[in-house]
Amino acid sequence: MKAFQQNLSKLEGTDTQVLGVSMDSPFSNFAFAQQNGVSFPILGDWGGPVTRRYGLIQKFDIQGVSMESARRATFLIDKTGKIINEQVDDTAVDPSKTVGACERQKLKG
Amino acid sequence: MRIESKRLVCLGLLILMFGPAHILPAQSKSADNNEKQAPAPMKLKVGDAAPDFTLLAFDGKELKKVSLQDYRGKKNVALAFFVFAFTGG
């Protein structure tokens with residue numbers, strides 16, 4: 001999330017709104033955003049309905065306790081609501097590919 | 001003797017029937033391990049319509065509804081899913 005914050009001006013410069021999503025409560029997300037200097041909204045997908053709709057639920061075990069969380073992923077969605085770029089797992093942590101896709105989109109649009 | 005040989009045949013059949021069943025879970029277990037190494041395919045692909053949603057965000061004062069469809073025709077959206085608050089990445 002910090003990496004997205006560092007690239008926020010680049011993303012906003014290409015007419016792109018950054019929205020974070022996690023399966024926490026909106027209040028946890030706000031505290032997390034404050035602690036990390038994140039200024040874009042982080043939406044609370046409590047229980048994960050949206051994460052599930054986007055096909056990102058992953059199950060894992062920690063000491064035999066099974067849990068569900070989101071997979072790390074970034075979708076770039078254009079103004080018509082179409083997905084024009086997606087990054088998943090490790091490549092989603094570094095926003096440079098998303099920034100690149102935004103800049104290409106700006107040249108096109 | 002006859003009964004014993006029948007028993008042997010039965011035993012052989014049982015091994016044939018249930019033997020592979022014991023081997024198969026072991027195989028599928030190793031397949032699971034492989035799956036964890038290779039990233040699972042994505043449900044949504046480039047070119048797909050992004051599913052609409054409305055979620056809540058807290059801005060320090062109040063809860064606000066944020067919908068993907070609010071940005072339609074106005075802005076691109078970089079939708080960044082992350083694992084949990086207070087985790088790295």
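The values are calculated or read from the model by the stated rules, or taken from the named source; none is laboratory data. Keep in mind the model is a prediction, meaning the values are calculated, not measured. Neighbour counts run over all protein chains shown; Cβ positions are idealised from the backbone, glycine included.
A few points about this structure:
- Among the residues of the stretch A:81-95, those identified as over 19 Å from B:F84 (Cβ atoms) and modelled with pLDDT of 90 or more are A:G81, A:K82, A:I83, A:I84, A:N85, A:E86.
- Output for the stretch A:83-104, where each listed residue is facing chain B (nearest Cβ under 8 Å), surrounded by fewer than 19 Cβ atoms within 10 Å (Cβ to Cβ) and assigned to a helix (DSSP H, G or I): A:V93
- In the stretch B:41-89, counting only strands (runs of 3 or more DSSP E) that sit wholly within it, the ones holding 1 or more residues that are more than 7 Å from chain A (Cβ to nearest Cβ) span B:54-58, B:63-67.
- Test: residue in the stretch A:63-71 that is closer than 14 Å to B:A78 by Cβ, free of Cβ contacts under 8 Å to residues at least 60 places away in the same chain, within 9 Å of chain B (Cβ to nearest Cβ) and assigned to a loop (DSSP other than H, G, I, E, B): no
- Of all the residues in the stretch A:22-50, those that are part of a loop (DSSP other than H, G, I, E, B), surrounded by fewer than 19 Cβ atoms within 10 Å (Cβ to Cβ) and either in contact with a Lys or Arg (Cβ under 7 Å, 6 or more places away or on another chain) or facing chain B (nearest Cβ under 7 Å) (or both) number 1.
- Of all residue pairs spaced 6 or more apart or on separate chains, those with beta-carbon atoms under 6 Å, a first member in the stretch A:34-50 that is over 14 Å from B:F86 (Cα atoms) and a second member that is in a loop (DSSP other than H, G, I, E, B) and hydrophobic (A, V, I, L, M, F, W, C) are A:D45/A:M23; A:G48/A:M23; A:V50/B:F53.
- Of all residues in the stretch A:1-21, at least one satisfies being surrounded by fewer than 17 Cβ atoms within 10 Å (Cβ to Cβ) and within 12 Å of the chain's Cα centre (by Cα).
- Taken together, the criteria exclude A:T80 from residues that are crowded, with 22+ Cβ neighbours inside 10 Å and of a type in the set (S, T, Y).
- Test result for A:D61, touching a Pro at 6+ places or on another chain (Cβ under 7 Å), at pLDDT below 95 and farther than 17 Å from A:L8 by Cα: no
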